[in-house]
1. Counting only residues that are small (Gly, Ala, Ser) and not in a loop (DSSP other than H, G, I, E, B), how many does segment 225-251 have?
2. Of all residues in segment 60-72 being surrounded by 13 or more Cβ atoms within 10 Å (Cβ to Cβ) and more than 17 Å from the chain's Cα centre (by Cα), which is nearest to GLY42 (Cα to Cα)?
3. Filter segment 101-132 for residues that are part of a strand (DSSP E or B) and more than 17 Å from ASP165 (Cβ to Cβ) and give the result.
4. Confirm whether GLU39 is open to solvent by 10 Å² or more (accessible area, probe 1.4 Å) and either assigned to a loop (DSSP other than H, G, I, E, B) or out of contact with any Leu (no Cβ under 6 Å at 6 or more places or on another chain) (or both).
5. Farther than 24 Å from GLU41 by Cα, in a strand (DSSP E or B), within 18 Å of the chain's Cα centre (by Cα) and polar (S, T, N, Q): is that true of GLN191 in this structure?
6. Please find, among THR130, THR55, THR91, the residue that is under 25 Å from PRO33 (Cβ atoms), free of Cβ contacts under 8 Å to residues at least 40 places away in the same chain and surrounded by fewer than 20 Cβ atoms within 10 Å (Cβ to Cβ).
7. Based on this model, can you work out whether PHE44 counts as at pLDDT 80 or above, over 30 Å from ASP218 (Cα atoms) and surrounded by 13 or more Cβ atoms within 10 Å (Cβ to Cβ)?
Amino acid sequence: MPAALFKRRFWGTVLTALLLTSVFSLPVVAYEPEPFELELEGFFYRGLAVRVIGTQTLEQRSDGSWRMEVTARGPFIRMEERSDFRWEGDTLVPLGYRYSLRAPFEREERRVRFQPENNRIRAEVNDRRTDHDYDPDWYDPLSYTLLLARDMDRGLNGSEFMVVDRHNARQYIFEQIEHRRAPDGAVVIAQQEPDRGDTFILFDRASMLPSHLLRWRDGSIEYQIRTLSGEKNGTSHDNFPHWPNPRRNAP
């Protein structure tokens, strides 16, 4: 299993994208995050399928801030990712982001520090550091997904964000679509940018928890992650809709 593939094409973007939880409804009140926990099973493909298991959580801390956290385990692989932020009014104020990967022949440490008091956003990848002027509309690679959930809650069909993706900020664009192969009970979100192939996020329409994330390139699946079970604000959910036979049924 190439560690660089795992780093760039799997957890770096995939789990980031999986952390989307909301309800489609008319915007009556301001959006508020809700604590959740997901149990995940992932497969990625380079000849043989490699299985990875993981969890994702969102919790409010004693000081009122929030933390998203992802942990993943697979053959000789350990990954941890977390984001700390504040939720103020109807928007998110990022505080800090950290990512750690341990895999054969590959180790990576990433951090993003948001320092408005110093007019600085500092991005670190291993031993390389990049500083940017502080921009309140830049987000880290994990917590911005709550803003996507907020936009979905408002009834919007698309969202755009600037995300500090490694050393620089990149535009992330998502759009809700219809697809003939989507299973019953699923809502489909497509990632338009960055363009890394056909990337779909499926949501369980009943709970609006993410149920399946898939990416294909040139007709072949690169990875998939399925939600096996979930809990949102104290309520348990299961029987999530999944894409039928992803290895054969490409878009």
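The values are calculated or read from the model by the stated rules, or taken from the named source; none is laboratory data. Quantities reported herein were computed from a predicted structural model and do not represent experimental measurements. Please note: Cβ atoms are built from the backbone with ideal geometry, for glycine as well, and neighbour counts cover all protein chains shown. Accessible surface is based on the protein model in full, side chains and every heavy atom, while ligands, DNA and RNA are left aside. Shrake-Rupley method; radii C 1.70, N 1.55, O 1.52, S 1.80 Å.
1. Qualifying residue count, segment 225-251: 3.
2. Going through segment 60-72, the residues surrounded by 13 or more Cβ atoms within 10 Å (Cβ to Cβ) turn out to be 60, 65-72.
Retained after the next criterion (residues that are more than 17 Å from the chain's Cα centre (by Cα)): 60, 65.
On the way: GLN60: 26, SER65: 29 Å.
By that ranking, first place goes to GLN60.
3. Taking segment 101-132 as the starting set, the residues that turn out to be part of a strand (DSSP E or B) are 101-103, 106-115, 120-125, 128-132.
Answer for segment 101-132, where residues must be part of a strand (DSSP E or B) and more than 17 Å from ASP165 (Cβ to Cβ): ARG102, ALA103, GLU106, ARG107, GLN115, ARG120.
4. Details: open to solvent by 10 Å² or more (accessible area, probe 1.4 Å): yes; either assigned to a loop (DSSP other than H, G, I, E, B) or out of contact with any Leu (no Cβ under 6 Å at 6 or more places or on another chain) (or both): no.
So GLU39 fails the test.
5. Numbers: farther than 24 Å from GLU41 by Cα: no; in a strand (DSSP E or B): yes; within 18 Å of the chain's Cα centre (by Cα): yes; polar (S, T, N, Q): yes.
In short, no.
6. Step by step, each of THR130, THR55, THR91 is checked, and only THR55 is under 25 Å from PRO33 (Cβ atoms), free of Cβ contacts under 8 Å to residues at least 40 places away in the same chain and surrounded by fewer than 20 Cβ atoms within 10 Å (Cβ to Cβ).
7. Details: at pLDDT 80 or above: yes; over 30 Å from ASP218 (Cα atoms): no; surrounded by 13 or more Cβ atoms within 10 Å (Cβ to Cβ): yes.
Judged against the criteria, PHE44 is not a match.
Per-residue answers, yes or no, for (1) out of contact with any Cys (no Cβ under 7 Å at 6 or more places or on another chain); (2) within 21 Å of MET152 (Cα to Cα); (3) open to solvent by less than 10 Å² (accessible area, probe 1.4 Å); (4) not aliphatic (A, V, I, L, M):
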| site | (1), (2), (3), (4) |
| --- | --- |
| ALA169 | yes, no, no, no |
| PHE174 | yes, yes, yes, yes |
| ALA182 | yes, yes, no, no |
| ARG205 | yes, yes, no, yes |
| HIS237 | yes, yes, no, yes |
| PHE240 | yes, yes, no, yes |
